[in-house]
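The values are calculated or read from the model by the stated rules, or taken from the named source; none is laboratory data. The shown structure was predicted, so the numbers you read here are calculated from the model rather than taken from an experiment. Here the Cβ positions follow ideal geometry from the backbone for every residue, glycine too, while neighbour counts run over all protein chains shown. Note: areas computed on protein heavy atoms with side chains; ligands, DNA, RNA excluded. Shrake-Rupley method; radii C 1.70, N 1.55, O 1.52, S 1.80 Å.
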Amino acid sequence: MIRFLAGRLAFAALILFALSTFVFVLFFVAPGDPARLVAGDKATETQLIQIRSNLGLDRPIHEQYLSFLGRAAQGDLGYSYRNQQPVLTLIANRLPATVSLVIGGVILWLSVGIPVGIMSARHPGGWRDRLGQGFILVGLSFPTFVLGMVSLYVFYFLPRQAGFTLFPAGGFKPFWPNPAIWAWHMALPWATVALTTAAVYARLTRGQMLEVMSEDYIRTARAKGVPEHKVVYKHGLRATLTPLVTQLGADIAFLLGGAIVIEQVYGLQGVGALAIQAVNNQDRPVIIGVVLLGGFFIVISNIVVDIIYSLLDPRVR
Amino acid sequence: MGGRMSADTEATEAPTIVQRGALALTVRRLLRDRASMAAVIFILLLVVFAAAAPLVEAWTGHSPIEQFRDTGLSTMGLPVAPNGEFVLGTDQLGRDVLVRLAYGARVSLLVGVVASLAAALVGITIGVIAGFFGGWIDAVLSRTMDLVMSVPFLLCALALVSVFGPSLALSIGVIVFFSWTTMGRVIRGQVISLRERDFVQASRSLGAGPLSIMLIDILPNLSVPIIVYTTMMIPSSIVFEATLSFLGLGIVPPAPSWGGMLADAAANSIYLVAWWLVIVPGTVLLLTTLSFNILGDGLRDALDPKARPVRLRRKRAKP
């Protein structure tokens, strides 16, 4: 177990190292003078030189690289070119919206996706299977932003034209002091992220369950006379759901790094929206920070998934 | 088949038994699948629509980037709804949505197909090499695939675009870089089980080199996963490109693309007063991805009927 974990940790470090090198090289070869981005167009040459030396841009490239890696390893992501705030603070301010989106989304897509998958797999070829497969196909094919715009039109604009407010147009309200307002504002974003993702889980569940239900131990359980619902939910479900842990870990991590599209459509001020703004402003430290944070979430989730997996299925250890 | 059989059947009047090859069987299975046929028809129509974009332009007399401020915008400066002159309405700048849709289809299909083929090529090459040689080569390549899969791809795409500026080539490059791994893993797994098979051993004992075994013995056996997974990659590439354009990181305006059209519609929430701006490109985009996904499922069933889950077989009266 310890060797297994050590290997995973080493790989995690490798991913973060590769990612930091990628962003460093990217922004080093990038055209444009960072000092000019910080100071604006009216800055004089002496000001630019001053800023370059403040940022360490006048030092040799390998020194810059090492100090960048060293600071990143300590969690120091530098300061925004735009408003000189620490990148970490900027990201921390944006996390509540993104985390809210992820929590509600996960609960919703699991509670839709898994039942649909089970329903489909229990009646292969029947009308319920076709219904489930139809849901899967449409969900997998629906581009998130199209679904988001259509839901805004149907659930916000049309009711408002009729004279009442069913759902708000977007924006994020903090959980405290009024969770109801928070949930009301998050409802459409949750539904949007959940419907497209639920299809992935329904397909995984269906495929796994079809496979599991043809295993010998299921036949044994049936031969012993175990009632069908017990065969499915007690014997079949555990083996069906274990592989979903991997997918769930990856999805949560990717979304925490910025649900860029959903945040854009619903005007949620989350990490993804921060990334887009940083790109539009050429605010390089913020872009680097968000990319590294995204990588960090993925690495952490990989390790957590491995631990959970080895607890659920001791054979992998 | 027709010409060869007709003389015999007329002479003997006995029911002929036709020997069908694998291709003919696959095509027959696919033809019987109504959903796949609908998908194929939609894709063909879309290809014709995209190819005929200049004809659409000539027929309507509207260029995709021309702004019709007099006829294409209402007196309040809002886009006009579908009408006789603008069949699918106009956008916020008074441009013809139909013409832009046709040129946008070119971008979507081009990116979808080119990026998928390129990603498939990379994935197949890496997958075959990793699976065939095994050992440290496999370890390095598999870890590389894990690495690429562990990268927050949309964020990296953002970073790349912020440095190099958005372009068609960069979009394709980003899509290829982040989507070859699925194919790579599938192919690697298949090759590992194929390389110990008797026909490979036979080739080897006849003195075939590794390159010849990979290309002549193993590759043809991979055609089913290659066809299915490449088809399935097309819709994800199309959505990937549309997402990039939607975020302003893909095709550079004013060149039309579906994602860009939807982004224009989302800007200032103009689509709330002009539903066609989201319904038209949104529906076409959805139908396109849906068609490719249905076709992918259909191809998998037709190419490999054994893999199909057990179905309740109902007897059907023959016509």
Between the alpha carbon centres of region B:85-115 and region A:62-85 the gap in Å comes to 43 Å
Span from the region A:188-217 Cα centroid across to the region A:2-38 one, whole angstrom:
34 Å
Between A and B, buried accessible area summed over both sides at probe 1.4 Å, in Å² to the nearest 100?
3800 Å²
Burial of 50 Å² or greater, region B:238-262 residues [accessible area, probe 1.4 Å, versus chain by itself]:
B:PHE246, B:LEU247
Hey, can you find the accessible area per residue of region A:2-76 for me, probe 1.4 Å, expressed in square angstrom?
63 Å²
Could you work out the local net charge near A:ALA221, counting Lys and Arg as +1, Asp and Glu as -1, over the other residues with Cβ closer than 13 Å to its Cβ?
+3
Toy charge model, Lys and Arg Cβ at +1, Asp and Glu Cβ at -1: the protein assembly as shown dipole around Cα centroid in debye, rounded to 20, equals 2260 debye
Leaving out ligands, DNA and RNA, what percent of the accessible area of region A:221-317 is carbon and sulfur, probe 1.4 Å?
62 percent
Env charge @ A:LEU293, Cβ radius under 14 Å, K,R +1 / D,E -1, value 0
Where the centroid of each part is defined by its Cα atoms, how far is region B:13-76 from region A:110-154 in Å?
26 Å
I need to check one value: relative contact order of chain A, counting alpha carbon pairs closer than 8 Å and at least 6 residues apart, in percent.
24 percent
What accessible area per residue comes out for region A:90-312, rounded to a whole number of Å², with a 1.4 Å probe?
42 Å²
Could you provide, to the nearest whole Å², the per residue accessible area of chain B with probe 1.4 Å?
51 Å²
Whole-Å semi-axes of the protein assembly as shown's equivalent ellipsoid (Cα gyration tensor):
42, 34, 28
Label B:VAL48 and A:LEU166 with points 7 Å out from Cα along Cα→Cβ: what is the distance between them in nm?
3.8 nm
Quote the accessible area belonging to B:GLU57 in square angstrom, nearest 10, computed with a 1.4 Å probe and with ligands, DNA and RNA left uncounted.
50 Å²
If you build the Cα gyration tensor of chain B and take the root of 5 times each eigenvalue, what three semi-axes come out, in whole angstrom, biggest first?
43, 31, 15
Solvent exposure, largest accessible area first (probe 1.4 Å, DNA, RNA and ligands not counted), of B:TRP59, B:TRP276, A:TRP182:
B:TRP59, A:TRP182, B:TRP276
Counted charge near B:SER162, where neighbours are those whose Cβ lies closer than 11 Å (Asp, Glu -1; Lys, Arg +1)
0
Order of A:96-103, A:246-253, B:287-294 by packing, highest average Cβ count within 10 Å first?
B:287-294, A:96-103, A:246-253
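Determine the dipole magnitude for region A:2-76: charges of +1 sit on the beta-carbon of Lys and Arg, -1 on that of Asp and Glu, nothing else is charged, the reference point is the Cα centre, and the result goes in debye to the nearest 20.
Its charge dipole is roughly 340 debye.
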In terms of the ratio Rg/(2.2 N^0.38 Å) built on C-alpha atoms, what value belongs to chain A?
1.23
Would you mind listing how long region A:2-76 runs along its three principal axes, going by Cα atoms, in whole Å with the largest first?
57, 20, 19
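Ignoring ligands, DNA and RNA, please state the percent of accessible area on chain B from carbon and sulfur, probe 1.4 Å.
Carbon-and-sulfur percentage of accessible area, whole number: 65.
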Could you work out how far apart the two model spin labels at B:LEU211 and B:ALA267 are, taking each label as a point 7 Å from the Cα in the direction of the beta carbon, and quote it in nm?
5.2 nm
Rounding to the nearest 20 debye, state how big the charge dipole of region B:8-141 is about its Cα centre with +1 on each Lys and Arg Cβ and -1 on each Asp and Glu Cβ.
300 debye
Place a point 7 Å from Cα of A:SER310 in the direction of its Cβ. Which residues in region A:1-40 have their backbone N less than 17 Å from it?
A:1-13
For a label point 7 angstrom out from the Cα of A:TRP176 toward its Cβ, which stretches of region A:65-100 have the backbone nitrogen within less than 19 Å?
A:92-100
Place a point 7 Å from the Cα of A:SER214 along the Cα-to-Cβ direction; which residues of region B:22-52 have their backbone N under 12 Å from it?
none
For A:GLU228 and A:GLN85, what does the FRET efficiency come to when R0 = 51 Å and r is the distance between their Cβ atoms, rounded to the nearest 0.05?
0.30
Which residues of region A:129-151 show a drop of at least 10 Å² in accessible area when all protein chains are present, compared with their chain alone (probe radius 1.4 Å, heavy atoms only, ligands and nucleic acids excluded)?
A:GLN133, A:LEU137, A:VAL138, A:LEU140, A:SER141, A:PHE142, A:PRO143, A:PHE145, A:VAL146, A:MET149, A:VAL150
Among the helices of chain B (complete DSSP H runs), which have Cα atoms covering no less than 27 Å along the helix axis and a Kyte-Doolittle mean of at least 1.0?
B:97-133, B:168-194, B:223-246, B:276-303
